[in-house]
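Okay, structure first, notes after.
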Amino acid sequence: MTAEILGLGAYVPERIITNEELSEMVDTSDEWIRSHTGIGKRHIIADDKTTSDMAVEASKIAIEKAGIDSSEIDFIIVATASGDYSNFPSTACVVQSKLGIRNAGAVDIGAGCTGFVYGLEMARGLILSGSMKKVLVIGVEALSRIMNWKDRDTCVLFGDGAGAAVLGLNESGDGRGIIDSFLGAEGDGFEHLMRKAGGAKHPFHSNEYQEEDLYISMNGRRVYGFAVKINETIINTLLQRNNITVDDLDRIVPHQANIRIIQAAASRLNIPIEKFFIVIEEYANTSAASIPIAINAMQERGELKKGDLILTSGFGAGLTYGGNLIRW
């Protein structure tokens with residue numbers, strides 16, 4: 001038996017900010033952003049919408065594609081670093097309310113950009129244990145709300161959006177579903193990617209923070225080095241642990257953070273870049289939403305077929321990392 005993805009959905013806001021528009025706000029250019037990141041534009045949440053609104057839209061699509069009623073959802077996992085509130089209450093509870101799923105458990109997980117990868121493995125465990133039958137896993141971010149639009153090192157990178165998956169038990173014996181997951185963290189690097197103010201250490205009511213502490217801050221050099229190294233570790237670990245080679249994979253779906261990170265990982269692993277599914281030009285880095293948005297795009301483009309073997313690879317704040325091996 002396996003836990004499989006029964007339905008997948010994604011949502012991105014209509015509003016788009018192009019590189020040209022950003023060049024009018026900070027000292028940058030379309031050529032610089034594209035050459036250094038691979039990003040062409042990013043979708044930005046409307047002023048009257050919230051993180052949970054995007055999560056709900058993606059979830060409705062996933063539930064419909066799964067062919068189930070929302071009342072069948074037993075548990076909701078929301079991966080986000082930019083929830084409606086500061087972890088209190090969880091965005092998952094808000095999503096539960098908006099979807100009208102009265103009896104489902106609901107919890108947020110804070111694993112940064114790796115959140116959806118973590119969420120899939122958590123859902124697999126709940127389903128295979130028999131405690132839950134249907135689990136809704138959501139990766140969603142409204143990072144534009146916690147971004148310093150004056151900081152050109154970060155404001156060019158991020159976008160908003162949501163991806164959702166409904167998971168259930170596959171008893172057919174055809175092997176489709178989540179085969180294996182590899183999860184980890186390097187907690188010593190927690191300061192390299194963070195939002196300093198708002199927690200117990202630097203509460204909003206104290207005088208111990210600057211305005212910049214309210215926004216995302218990143219040590220780009222350290223995160224880049226970590227990302228290239230850990231992508232190699234994730235992919236090699238899942239391949240070796242399951243006695244397969246890169247040739248057995250149909251596609252690799254990496255966290256869409258920076259094209260240079262993906263290119264460097266491909267080079268180090270001697271994997272053709274075409275093996276990686278990349279949509280960063282369209283969506284930018286949507287953190288926990290990037291992998292489900294990418295998988296959904298692959299499916300909508302007809303590049304993901306039943307029986308395909310795919311591998312996800314993510315890394316993010318924490319510093320967390322992880323990947324899933326999935327038979328579609």
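Laid out as a table, the results:
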| quantity | calculated |
| --- | --- |
| Overall dimensions of the chain by Cα: Rg and Dmax, Å | 18.7, 59 |
| Gained length - Arg260 relative to Arg15, 0.36 nm times residue gap less alpha-carbon distance | 85.6 nm |
| Relative packing of peptides 179-187, 283-291 - highest average C-beta neighbours within 10 Å first | 283-291, 179-187 |
| Shape category assigned to region 177-327 from the gyration tensor of Cα positions, a/c cut at 1.5 | prolate |
| The chain: calculated mean residue ellipticity at 222 nm from DSSP helix runs of at least 4, using -39500 (n - 2.57) | -9500 deg cm²/dmol |
| Dimensionless Rg ratio for region 53-130, taking C-alpha atoms and the 2.2 N^0.38 Å reference | 1.05 |
| At 1.002 mPa s and 20 °C, Stokes D of region 197-240 from Kirkwood alpha-carbon radius, µm² per second | 163 |
| At R0 = 22 Å, FRET efficiency that the Cβ-Cβ distance of Ser97 and Ala46 yields, to 0.05 | 0.60 |
| Mean separation of Cα contacts under 8 Å (6+ apart) over length of region 177-327, as relative contact order % | 38 |
| Spatial separation of Cα centroids for region 301-328 and region 212-252, in angstrom | 11 |
| Mean separation of Cα contacts under 8 Å, 6 or more apart, over the residue count of region 86-240: relative contact order % | 17 |
| Residues of region 130-153 with amide N under 19 Å of the 7 Å Cα→Cβ point at Glu24 | 149-152 |
| Cα-projected label distance for Asn87 with Asn207, points at 7 Å along beta-carbon direction, nm | 2.6 |
| Table column - 3J(HN,Hα) (Hz), region 207-217, Karplus curve with 6.51, -1.76, 1.60, x for Gly and Pro | 9, 9, 9, 9, 4, 4, 5, 7, 10, 5, 10 |
| Charge dipole (debye, nearest 20) of the chain; +1 at Cβ of Lys and Arg, -1 at Cβ of Asp and Glu | 620 |
| Between region 17-49 and region 56-74, the Cα center-to-center distance that results, in Å | 33 |
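Only the coordinates and a few stated rules stand behind these numbers; no lab work does. Source: prediction; values computed, not measured. Please note: Cβ atoms are built from the backbone with ideal geometry, for glycine as well, and neighbour counts cover all protein chains shown.
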